[in-house]
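The values are calculated or read from the model by the stated rules, or taken from the named source; none is laboratory data. Just so you know, these numbers come straight off a predicted model, no measurement behind them. Here the Cβ positions follow ideal geometry from the backbone for every residue, glycine too, while neighbour counts run over all protein chains shown.
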Amino acid sequence: MLPTTESRSSATSSDPSGRGVAVLDVSGVDKRFVMHLQGGVELPVLTGLEFQVFAGECVVLDGASGAGKSSILKMVYGNYGVDRGRIVLHTGRGTVDLAGVDPREILTARRDQVGYVSQFLRCVPRVPTLQVVAEPLLERGVDATVAEERAAALLTRLSIPERLWGLPPATFSGGEQQRVNIARGFLPDLPLLLLDEPTASLDAHNRDVVIDLLREKCSRGTAMLGIFHDAHVREAVADRLIDVASFTPPAGGVGSSPIAGTAR
């Protein structure tokens with residue numbers, strides 16, 4: 001199916017297909033970086049950013065390197081602030097504007113509502129792999145035995161042999177570390193999951209395993225926002241594409257902001 005284009009005016013907080021209120025509703029967001037070591041020069045990155053992600057769909061940020069895709073994920077996750085606009089999360093726990101809350105509320109949202117699979121695994125050194133993967137469930141009060149059983153199942157599915165589970169991930173290869181990272185991010189079922197090139201370091205077999213995991217997440221109602229440079233993965237999982245370049249301010253002015261969508 002050829003991609004369709006939605007105008008900014010068509011973006012609302014309710015979806016006409018009947019999916020209800022968006023899990024993630026980004027509206028009117030501007031972002032600039034201030035280069036403090038270069039005399040305070042301001043670098044506009046994004047302007048008028050707006051899009052929605054609904055439960056059970058995977059929306060992919062599309063655009064060239066440097067367009068601002070990773071910056072969008074970091075704004076949603078609370079690593080970057082915004083200069084203007086709203087990043088509203090609607091879940092069973094209520095509604096929160098992630099662009100305007102204090103750090104403690106951001107941490108609570110990360111624990112209970114927003115998952116993130118980054119490009120690189122970040123964890124406490126010398127902690128065994130099984131505990132690294134189980135940690136998100138343990139933080140939510142899940143019984144340790146149950147959490148480790150679920151972690152073990154995901155590690156097995158991602159081809160991490162049991163003999164490695166007692167070792168810290170720092171001793172692993174890059175591809176093994178990324179599979180541990182994926183297992184850790186996919187273990188809890190949260191309303192929103194952010195993905196920054198999760199398959200970049202994977203072989204074909206494990207890439208296909210991740211595609212299956214993504215589809216299963218969607219079927220359970222998780223809303224997903226991701227970056228996938230691998231065309232095979234993108235075509236396999238994307239429900240809609242967002243053209244990030246259309247929200248990037250060109251020299252001397254601001255362009256339009258269409259949103260492109262394509263059926264899976």
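Please determine, by comparing only the residues of the range 4-27 that are loosely packed, with under 14 Cβ neighbours inside 10 Å and not hydroxyl-bearing (Ser, Thr, Tyr), which one is modelled with the highest pLDDT.
My answer is 20.
Do the conditions hold for residue 106, that is, is it at pLDDT 95 or above and either within 18 Å of the chain's Cα centre (by Cα) or assigned to a helix (DSSP H, G or I) (or both)?
When the stated conditions are applied, residue 106 does not pass them.
Could you please let me know if residue 203 is under 18 Å from the mean Cα position of the chain (by Cα) and over 22 Å from residue 70 (Cβ atoms)?
Working: under 18 Å from the mean Cα position of the chain (by Cα): no; over 22 Å from residue 70 (Cβ atoms): yes.
No: the conditions fail for residue 203.
Provide a single number: the residues in the range 79-103 that are part of a strand (DSSP E or B) and either in the same structural domain as residue 141 (by TED's automatic domain parsing) or surrounded by 13 or more Cβ atoms within 10 Å (Cβ to Cβ) (or both). Before the answer, list the steps.
At the first step, the residues of the range 79-103 found to be part of a strand (DSSP E or B) are 84-91, 94-97.
Add one more test, that the residue is either in the same structural domain as residue 141 (by TED's automatic domain parsing) or surrounded by 13 or more Cβ atoms within 10 Å (Cβ to Cβ) (or both), and what stays is 84-91, 96-97.
Matching residues across the range 79-103 total 10.
May I ask you to verify whether residue 184 is in contact (Cβ under 8 Å) with a residue 12 or more places away in the chain and more than 22 Å from residue 56 (Cβ to Cβ)?
Yes; evaluated as a whole, the condition is true for this residue.
Assuming residue 197 fulfils every condition listed in (1) more than 14 Å from residue 116 (Cα to Cα); (2) touching a helix residue (DSSP H, G or I) at 6+ places or on another chain (Cβ under 9 Å) apart from one, which condition is it?
The number of the failed condition is (1).
Are any residues in the range 28-59 modelled with pLDDT of 85 or more and assigned to a loop (DSSP other than H, G, I, E, B), and if so, which ones? Break it down stepwise before answering.
The initial filter retains those residues of the range 28-59 that are modelled with pLDDT of 85 or more, namely 28-33, 44-59.
Result: 54, 55, 56, 57.
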